[in-house]
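Notes for the one structure printed next.
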């Protein structure tokens, strides 16, 4: 086993990993978009640091996801979040990669039984960034707001019913380019994505929206790593870089989504925060036009997996039909 390790490698590599590394590098699957690649490099760096692996012992295997190819229609109309994961699922299930790196807010709630989310990197800034104005109040009357997100569309119209949503799809640079070209007066992007790409937004008015009053999408700012359920060696390897507080909060948000039966048409904002052994989960459900909403929260012990479902039931019990018709609880 010692022959497979470079001089700085950890002696406590999980069983089976040294044998794999004797033949080939660990193959890390990722979407080919700039943000996805940045997140994949973060994951590779975390693996190398945790286990003392050499540069060439972890390699990236990028794929072009359907969601990156189809940019002229809302995701909800052409397949939903599965368009972000489908190609990676084929590669992971077929054994051509060992793990997949995901932006967790783009991962459908119900995943194939053959896979397991084995780790999360430390969560980044969860906030949305408004581009095009110094505040929502500063947007001109009737401003065109670029988004493909039902959540963002409903949120901004709940505050400014005069705002006119227009379809904005594409990666971060594409959407910034569309804004600069005048296709919309303003848009929203995730702070985490801007930070990971090092975007400085020269000449564009912007503000990070307070997450206490403007909740983000469930799992926003989180990067998850998925492996085959039956691959014990990789599960142990990836588990070594798991950030437990992030995992607890993201899994609570995903459990809420599952209990609500939300999909790509559902306008939901949610955020869980970890405080020691307690999790505080907040959520808001919106009607499609943002005219109606229902909010709630729950504090629960981290070892209470049923709490998100209780919050989901409470929210749906309070919600009018304009909201409940967007959700399909099991």
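Nothing in this text is a laboratory measurement; each read-out follows from the coordinates by a stated rule. Since the model is a prediction, treat every value here as computed from it, not as a measurement. Cβ coordinates were reconstructed from backbone atoms using ideal geometry, including for glycine residues, and neighbour counts include every protein chain displayed.
Find the relative contact order for segment 83-189 and round it to a whole percent, using C-alpha pairs within less than 8 Å whose residues are 6+ positions apart. Could the numbers behind the result be given before it?
Details: 96 pairs, mean separation 28.6, N = 107.
The normalised contact order for segment 83-189 reaches 27 percent.
At 0.36 nm per residue, minus the direct Cα-Cα distance, what do residue 278 and residue 50 gain on full extension? Give it in nm, one decimal, please.
79.3 nm
Grab the beta carbon distance between residue 113 and residue 318, set R0 = 30 Å, and tell me the FRET efficiency rounded to 0.05. If you can, show how the numbers build up before the last one.
Working: r = 33 Å, r/R0 = 1.11.
It comes out at approximately 0.35.
Label 7 Å along Cα→Cβ of residue 213; segment 144-165 residues with amide nitrogen under 17 Å?
155-161
I need 152, 228 ordered by Cβ neighbour count within 10 Å, fewest first.
Lowest to highest Cβ neighbour count: 228, 152.
Students often get this wrong: which residues of segment 29-62 have the backbone nitrogen under 20 Å from the point 7 angstrom along Cα-to-C-beta of residue 96?
What the label zone holds, given the 20 Å backbone N cut-off, is 29-34, 36-37, 40-41, 58-62.
Could you tell me how many degrees, from 0 to 90 and to the nearest 10, lie between the Cα long axis of helix 307-318 and the main elongation axis, the longest principal axis, of the Cα atoms of the chain?
Once rounded, the angle reads 20 degrees.
Over the chain, what is the mean sequence separation of C-alpha contacts under 8 Å (at least six apart), divided by residue count, expressed as relative contact order in percent? Display every interim value, and only then the final one.
On the way: 651 pairs, mean separation 63.0, N = 330.
It rounds to 19 percent for the chain.
Taking only Cα atoms of segment 128-208, what ratio of Rg to Rh do you get with Rh as the Kirkwood inverse-distance radius?
On the way: Rg = 11.5 Å, Rh = 12.5 Å.
In segment 128-208, Rg relative to Rh is 0.92.
Between residue 299 and residue 236, what FRET efficiency follows from the Cβ-Cβ distance if R0 is 35 Å, with the result rounded to 0.05? Spell out each step's value before the answer.
Details: r = 33 Å, r/R0 = 0.93.
FRET efficiency, residue 299 to residue 236: 0.60.
Go ahead and run the numbers for FRET between residue 200 and residue 12, Cβ-Cβ distance against an R0 of 45 Å, rounding to 0.05. Write out the running numbers ahead of the final one.
Working: r = 41 Å, r/R0 = 0.90.
With R0 = 45 Å, the Cβ-Cβ based efficiency is 0.65.
What's the exposure ranking of 275, 149, 206, going from fewest to most Cβ atoms within 10 Å?
275, 206, 149
Does anyone have the angle between helix 82-94 and the longest principal axis of the chain? Alpha-carbon axes, 0 to 90°, nearest 10?
Once rounded, the angle reads 10 degrees.
Any idea what angle helix 150-159 forms with the longest principal axis of the chain, computed on alpha-carbon atoms, 0 to 90 degrees, nearest 10?
40
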